[in-house]
Amino acid sequence: MNNTMMSSLNQSKLAFTSLTNPIPRKHSSFSALKFSPLPIIQNSQKGLSFDKISQKPLHISSIESFSFSRKTQQEKPVTVCNAYEADRSSPLDINIELSDEHAAQKIKIGLYFATWWALNVVFNIYNKKVLNAFPYPWLTSTLSLACGSLMMLISWATRIADAPKTDFEFWKTLFPVAVAHTIGHVAATVSMSKVAVSFTHIIKSGEPAFSVLVSKFLLGETFPLPVYLSLLPIIGGCALSAATELNFNMTGFMGAMISNLAFVFRNIFSKKGMSGKSVSGMNYYACLSMLSLLILTPFAIAVEGPQMWAAGWQNALAQIGPNFVWWVAAQSIFYHLYNQVSYMSLDQISPLTFSIGNTMKRISVIVSSIIIFHTPVQPVNALGAAIAILGTFLYSQAKQ
């Protein structure tokens, strides 16, 4: 019976070969491998050669997700094909794994996130050190924008980065974004000059609540019920943290709240004004920094002034020494870099992924600042922070 089966299989094979290859040619293992659409299969069992196996008929035991449709070729799933010998029941573990073309993109996004979080943590540490010794948030904010603007001008002049092609319409649509960015930046710096870094970021985690409220009452947008429900833990967690904060300061609290509101308007203006623009994320933030610097400088001079800055600078140098100059330079450089990387990541990921990454960034900043500055935290305060951050994560899921 086995001879009959083998004979029929050989006849079918000859018939199929004659139909598909009308011109006879010599068969060789080299030509079969050369024109094979599938990769070379290596046998995983040691001591068992492929020539020995090929003398016995193979039967397909199972094929999972094996399809040549257009959709499957795009997704490239892992296809597993198990075979066994005619007189054995153990599978030969012949696996065909198709390459994942998105692996490089995932690694790139992961590097963006890791760099973004690390730069943000370093900025917050040095920014708080500077503000503790030099309590002038308006000048500190101005120096951050000035440093970033200078870095990008040098990059464009030396052709390290390509300068953007802009026109008057571009700067006109960018102006309201820059105003909101300036207010949010200064308000956050004022907040961190009065309260702990962890408390500022706990309050700033409530930004989604401001986003929904502004979009609802000013823009007339509607959201599904899960989005509104996700605001409850955000608002409740922020309120619990504020009520139990040991070093609560109203100026610091209001600065964080104003920063939330300003950044919501910045995002709204950015979506409305920059749709269809071809400026990259890196150059977009560079232009935003330059315009914000022009807006902020006269207000910083009016609020604080050179005389206060000179006296405060001398006092900081007397207390800290030359390291204070490095602190100022570091906080300015890292502020620009972390914002630049965040805008560059927006070119690669969806807004939902960016929102989740921003939530994780706040966790890293809060934890690291508590450890480095030895910030006293009550269990109830930590619980409020955890609830607020969880609400932010739920909001990003519900928004999608």
Can you work out the base-10 log of I(q)/I(0) for the stretch 351-400 at q = 0.17, 0.18, 0.24 1/Å, using the Debye formula on its C-alpha atoms alone? -0.56, -0.61, -0.89
In terms of the ratio Rg/(2.2 N^0.38 Å) built on C-alpha atoms, what value belongs to the stretch 246-400? 1.26
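Using the Cα atoms of the stretch 154-293 to build a convex hull, what is its mean projected area in square nanometres? Provide the component values of the computation, followed by the final result.
Details: hull surface 41.3 nm².
The Cα convex hull of the stretch 154-293, projected and averaged over all directions, gives 10.3 nm².
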So who's got an amide H within less than 5 Å of the one on Ala161, skipping anything under 5 residues away but keeping other chains? H placed 1.01 Å off N, in plane. Trp156
For the stretch 314-326, Karplus-derived ³J(HN,Hα) couplings (6.51, -1.76, 1.60; θ = phi - 60°; whole Hz; x for glycine and proline) come out as 4, 5, 5, 5, 5, 7, 9, x, x, 4, 4, 4, 5
Longer than 26 Å from Cα to Cα, which of Lys271/Lys399; Lys204/Lys271; Lys108/Lys204; Lys361/Lys399; Lys172/Lys361; Lys194/Lys361 are they? Say none if no pair is. Lys108/Lys204; Lys172/Lys361
Computing the accessible area with a 1.4 Å probe over protein heavy atoms, can you report the carbon and sulfur percentage for the stretch 287-356? 70 percent
What distance in nm lies between label points placed 7 Å from Cα along the C-beta direction at Gln314 and Ala161? 3.8 nm
Cα gyration tensor shape for the stretch 308-385, rounded if a/c is under 1.5, else prolate or oblate: oblate
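Ranked highest first by average number of other Cβ atoms within 10 Å, how do 318-324, 169-175, 385-391 line up?
Numbers: 318-324: 12.3, 169-175: 15.1, 385-391: 22.0.
Listed from highest to lowest mean packing, they are 385-391, 169-175, 318-324.
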Among Cys287, Thr297, Ser198, whose Cα projects farthest towards the positive end of the dipole of the stretch 171-310, with charges put on the beta-carbon of Lys, Arg (+1) and Asp, Glu (-1)? Cys287
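To one decimal place, what orientation-averaged projected area in nm² is obtained for the convex hull of the Cα set of the stretch 120-185? Don't skip to the end; give the middle numbers.
Values: hull surface 23.3 nm².
Computed as one quarter of the Cα hull surface, the answer is 5.8 nm².
The values are calculated or read from the model by the stated rules, or taken from the named source; none is laboratory data. Note that the structure is a prediction, hence the values are computed from the model and not measured. Quick reminder, even Gly has a Cβ in these numbers, built from the backbone with ideal geometry, and neighbours come from all protein chains shown. With ligands, DNA and RNA removed, areas are computed over all heavy atoms of the protein, side chains included. Shrake-Rupley method; radii C 1.70, N 1.55, O 1.52, S 1.80 Å.
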